[in-house]
1. Grab the eigenvalues of the alpha-carbon gyration tensor for segment 50-208, scale each by 5, take roots, and send me the semi-axes largest first in whole angstrom.
2. Who wins for biggest fluctuation among I114, I152, I141 in a Gaussian network model of the chain, springs between alpha carbons below 10 Å?
3. Filter the chain for me: DSSP H helices, axial length by Cα at least 30 angstrom, mean Kyte-Doolittle hydropathy not below 0.0. List them by residue number.
4. Where is the GNM fluctuation largest for the chain (alpha-carbon springs, 10 angstrom cutoff): A195, A144, A69?
5. Pairs of alpha-carbon atoms within less than 8 angstrom and 6+ residues apart define the contacts here; what relative contact order does the chain have, in percent?
6. Using the structure shown, select from K21/K96; K163/K242; K130/K239; K41/K126; K21/K126; K126/K239 the pairs with a Cα to Cα distance greater than 27 angstrom.
7. Size of segment 145-302 along its principal axes in angstrom, Cα-based, largest extent first?
8. Got a sec? How would S206, S197, S83 order by Cβ neighbour count within 10 Å, fewest to most?
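Readers should treat all values here as calculations from the given coordinates under stated rules, not as data from a laboratory. All figures in this text were calculated on a predicted structure; none of them were measured in a lab. Note: ideal-geometry Cβ built from the backbone for every residue, glycine included; neighbour counts use all protein chains shown.
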Amino acid sequence: MQVLKFDWNPVTGIDIIGNFKIHFYSLMWVTAFVIGWYIMKRIFTKEKIAIEYLDPLFIYTVLATMIGARLGHVIFYQSELISQDFFSIFLPFKFKGGFEFTGFQGLASHGAAIGIIIGMYLYRRKYNYKSILWILDRIVIPVASGAIFIRIGNFINSEIIGKITDSSFGVRFIQDEYYKSEIMQRTGINNVQDAYSAVTNNPQFSALLEAVPYRHPAQLYESFCYIFVFLILLYFYVKTPKANQTGFLFGLFLVLLWTVRFFVEFVKEAQVDERATWALNTGQWLSVPFVLLGLYFMFMYKPKHAVK
């Protein structure tokens, strides 16, 4: 069965001027945040929380997510940026090897999770209307929905790709296989997008296409699973009394999301060089503490005081 195999070589953004481009990956982040704001508004309305607290929560969540995701990527996966291209850590530009607008690429979900927890703690210190676990129990619902779109964005960017496969779900990621400078050199076409397009549309470059292996679309596997993480959280919040058990939804989120991440890692290419003796990769090792923390909040945590 070959019907599900296909070549992936999309336009990844809209050129504006010069090196500036609106990346579809960035638009996926915007979509995630907008939908998340709407979900939290519905939650606030349902629980009769003053809507004036919503916009500050949104701002804290956006900043905590982006800062945490970026720093997490640098710390866990690309620490060489600290010495080689320091300002690219905090700015949407690449300075090493020539100035280029890149958007905010290189974001780690583990760092985002840590950032959100810290951000909600800081938010709760300023806006003391509910406990931090009340906030975390609810913020994880829009976070789970947002994860769906982020992984779609990764797929659009041909990043966080899967391992080589002979299965019926194989995808050839053209833009991951050939870097911008390499594809122009190999095709003799000076425009990057035209060079990529020629590989899949011009028989003259069929040899370049055939050299690209089929890989698992791990980003789509993960995105699909996150749909169910979101629906399960929403079900427990709307339909069961577990919504009133302090820390349960937060714990359930940690268990579900990081279990998905743990198993999808088996079909992902490692994002950093791994030691041959490791049974698990970096993403899996980082996921284990989140799962254990989630189990604690689901089954062992008992609030010391009545929840406000």
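1. Details: eigenvalues 303, 75, 35 Å².
Each semi-axis is the square root of five times an eigenvalue, giving 39, 19, 13 Å.
2. Among I114, I152, I141, the largest GNM mean-square fluctuation belongs to I114.
3. Numbers: long enough: 24-46 (33 Å, 0.89); 54-76 (32 Å, 1.39); 132-156 (35 Å, 1.64); 218-239 (31 Å, 1.42).
Passing helices, by number: 24-46, 54-76, 132-156, 218-239.
4. Between A195, A144, A69, it is A195 that shows the largest mean-square fluctuation.
5. Values: 437 pairs, mean separation 63.4, N = 308.
It rounds to 21 percent for the chain.
6. K163/K242; K21/K126; K126/K239
7. Principal-axis extents of the Cα atoms in segment 145-302, largest first: 65, 39, 27 Å.
8. S83, S206, S197
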